[in-house]
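The values are calculated or read from the model by the stated rules, or taken from the named source; none is laboratory data. What you see is a predicted model, and the numbers here were worked out from it, not measured in a lab. Cβ atoms come from the backbone with ideal geometry, glycine included; neighbour counts cover every protein chain shown. To get the accessible areas, we keep the full protein, side chains included, count just its heavy atoms, and leave off ligands, DNA and RNA. Shrake-Rupley method; radii C 1.70, N 1.55, O 1.52, S 1.80 Å.
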Amino acid sequence: MNPDVILPPQVAWASGVFANAPLIRKTTRLADLPDLFSDNNAWRGCDPQQRLYDVETIDSPSGEGALYVGVTHLYAGKIGDEFFMTRGHFHQRREQGEVYFGLCGGGLLLLQTASGEARLERVKPGSVHIIPSFTAHRLINTGDETLSALAVWPSVAGHDYAALAGGFALRVFASDHHLQEWEARND
């Protein structure tokens, strides 16, 4: 007797679209992120219902030892000269790490320790990013198309947005003066 073969969830690597999985979808709009961008006048002049990013997570069991899998689709755009970005967070359980895989588009992963040390990693199709424990993280879309990244993290990790109420140490702006067309500045 042959055992049943189950078709697990799938992701289209070139687009980040899931198949064969129940999904939880969350949309983050400009109105959801007051005081995130440095140019508040430019922020107020934009449509508050503009979508900045969508997150699709496979609806899966949670608990100690369980993993969540999701894809963030961060749209291209700027508020003033500052690129669209995710809210960014630490994990509530700081000892929990995470892994990102670049799927499509181009941008940056901003990583920051609790002491404020920040660094940037280039996100592109095929890139793999190991986010260490005790490290806040945020995606920034520096390109002209949607930046999609697959993430895998412990279901018990949780999100702590309040710890970054004052923002990250670095911000990324469009620049005509740099070869990569962006520049990072201290906040």
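Odds and ends about this structure:
- Residue-level check: of (1) surrounded by fewer than 17 Cβ atoms within 10 Å (Cβ to Cβ); (2) under 21 Å from residue 185 (Cβ atoms); (3) among the hydrophobic types (A, V, I, L, M, F, W, C), residue 128 misses just (2).
- In segment 40-94, residue most open to solvent (accessible area, probe 1.4 Å) [restricted to those that are touching a Lys or Arg at 6+ places or on another chain (Cβ under 7 Å), without any contact (Cβ under 8 Å) to a residue 60 or more places away in the chain and not in a loop (DSSP other than H, G, I, E, B)]: 51
- Residue within segment 137-160 that is of a type in the set (Gly, Ala, Ser) and open to solvent by 40 Å² or more (accessible area, probe 1.4 Å) present: no
- Qualifying residue in segment 105-115 (condition: under 21 Å from residue 11 (Cβ atoms) and either of a type in the set (D, E, K, R) or assigned to a strand (DSSP E or B) (or both)): yes
- One residue alone among 48, 61, 34 is over 24 Å from residue 184 (Cα atoms), modelled with pLDDT under 95 and not β-branched (Val, Ile, Thr), and that residue is 61.
Yes/no matrix, rows are residues, columns are (1) at pLDDT below 95; (2) under 13 Å from the mean Cα position of the chain (by Cα):
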{"site": "126", "(1), (2)": "no, no"}
{"site": "152", "(1), (2)": "no, yes"}
{"site": "164", "(1), (2)": "yes, no"}
{"site": "180", "(1), (2)": "yes, no"}
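- Residue pairs whose Cβ atoms lie under 7 Å apart, sitting 6 or more positions apart in sequence or on different chains, and linking a residue in segment 152-165 that is under 22 Å from residue 58 (Cα atoms) to a partner that is open to solvent by less than 50 Å² (accessible area, probe 1.4 Å) and aromatic (Phe, Trp, Tyr), are 160/90.
- Scanning segment 18-39 for residues that are among the β-branched types (Val, Ile, Thr) and open to solvent by 80 Å² or more (accessible area, probe 1.4 Å) returns a single hit, 24.
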